[in-house]
Amino acid sequence: MPTANTFFKDHGGSWESPYGDFFLSWYSSQLIAHGDRLLSLASSVFSDSAVNIFGKVPLMHSWHGTRSHPSELTAGFYNTATRKGYEEVAEMFARNSCKIILPGMDQSDKYQLKESLSSPESLLAEIGTACNKHGVGISGQNSTVGAPDGLKQIKKNMLSENLNDSFIFQRIGAQFFAPEHFPLFIEFVRKLNQPELHSGNLPTKEGTTTATDSVHTRSNLNIHMQSA
């Protein structure tokens, strides 16, 4: 486990020391500066057009249940149990009038390996709160196809106060069109686009009808679905 390392261990690790703070502050500032340069350049190039600029932020949710958040620190995000590192990231995107692409919308805490102390749901909420605070739109993405209860989790996140700008469904291949998945995706899209659709009109794998829960959307919600 990363927390067995003297740098990342939860209590008394070097990450909490003055040296650790100096190093992690410098390390994350390099990531922010690099991203700022790229987004600034992109924004200036497309400033006179209607093009929306996006930048992708990885969802480093492994070990998020620890105090030190080793995966995030290693990736350059100075975010720990005692420091809100995504505020700086959201500020960078806001400064350049750009939006964030955020994967992992299909991931649930209950299906993560307990040994990894992973929490995609809490990390998504944390990033979403930072983006909402700074007025940065989020375009969600799935990480896999066929994640347990993945479509339900995507729907939940799309209807969230902080994670509702748009959504891009990725990895449309053989597994996506498999008989055990594609009918569920059709139902998922219909329920988002037609929340008033009667449950008896929704298809099942066998082509018959079944009773399903409807989606209760907020009146001001504007959902855009794209495939990639």
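Sub-6 Å Cβ pairs linking a first residue in the stretch 101-119 that is closer than 23 Å to Thr80 by Cβ to a second residue that is of a type in the set (A, V, I, L, M, F, W, C), at least 6 apart or interchain, are Leu102/Val57; Leu102/Ile138; Pro103/Leu59; Gly104/Leu59; Leu117/Trp63, ordered by first then second residue.
Within the stretch 46-78, the set of residues being assigned to a helix (DSSP H, G or I), closer than 26 Å to Phe167 by Cβ and hydrophobic (A, V, I, L, M, F, W, C) comprises Ala75 only. Residue count for the stretch 17-35, restricted to those that are surrounded by fewer than 17 Cβ atoms within 10 Å (Cβ to Cβ) and either out of contact with any Phe, Trp or Tyr (no Cβ under 9 Å at 6 or more places or on another chain) or among the hydroxyl-bearing types (Ser, Thr, Tyr) (or both): 11. Only one of the numbered conditions (1) within 25 Å of Ser116 (Cα to Cα); (2) free of Cβ contacts under 8 Å to residues at least 12 places away in the same chain is not met by Pro58, and that is (2). Within the stretch 176-198, residues that are under 16 Å from Leu159 (Cα atoms) and outside any loop (DSSP other than H, G, I, E, B) have Cβ atoms under 9 Å from residues that are among the charged types (D, E, K, R) and at pLDDT below 85 in these pairs: Lys191/Asp213, counting only partners at least 6 apart in sequence or on another chain. Restricting attention to the stretch 143-157, and to residues there that are assigned to a loop (DSSP other than H, G, I, E, B) and either in contact with a helix residue (DSSP H, G or I) (Cβ under 6 Å, 6 or more places away or on another chain) or among the β-branched types (Val, Ile, Thr) (or both), which single residue is nearest to Ile100 (Cα to Cα)? By that ranking, first place goes to Thr144. Tell me whether the stretch 125-133 contains one or more residues that are outside any helix (DSSP H, G or I) and either farther than 23 Å from Ser28 by Cα or in contact with a strand residue (DSSP E or B) (Cβ under 7 Å, 6 or more places away or on another chain) (or both). Taking every residue of the stretch 125-133 in turn, none turns out to be outside any helix (DSSP H, G or I) and either farther than 23 Å from Ser28 by Cα or in contact with a strand residue (DSSP E or B) (Cβ under 7 Å, 6 or more places away or on another chain) (or both). Against the conditions (1) modelled with pLDDT of 90 or more; (2) in contact with a Ser or Thr (Cβ under 9 Å, 6 or more places away or on another chain); (3) farther than 30 Å from Met1 by Cα, Ala125 satisfies every one except (3). Residues that are within 30 Å of Arg67 (Cα to Cα) and in contact with a strand residue (DSSP E or B) (Cβ under 8 Å, 6 or more places away or on another chain) within the stretch 17-53 comprise just one, Gly35.
The set of residues from the stretch 79-122 being under 17 Å from the mean Cα position of the chain (by Cα), under 19 Å from His134 (Cα atoms), of a type outside the set (Gly, Ala, Ser) and outside any helix (DSSP H, G or I) comprises Asn79, Lys84, Cys98, Lys99, Ile100, Ile101, Leu102.
The values are calculated or read from the model by the stated rules, or taken from the named source; none is laboratory data. Computed from a predicted model, the values in this text were never measured in an experiment. Don't worry about glycine lacking a Cβ; one is built from the backbone with ideal geometry, like all the others, and counts go over all protein chains shown.
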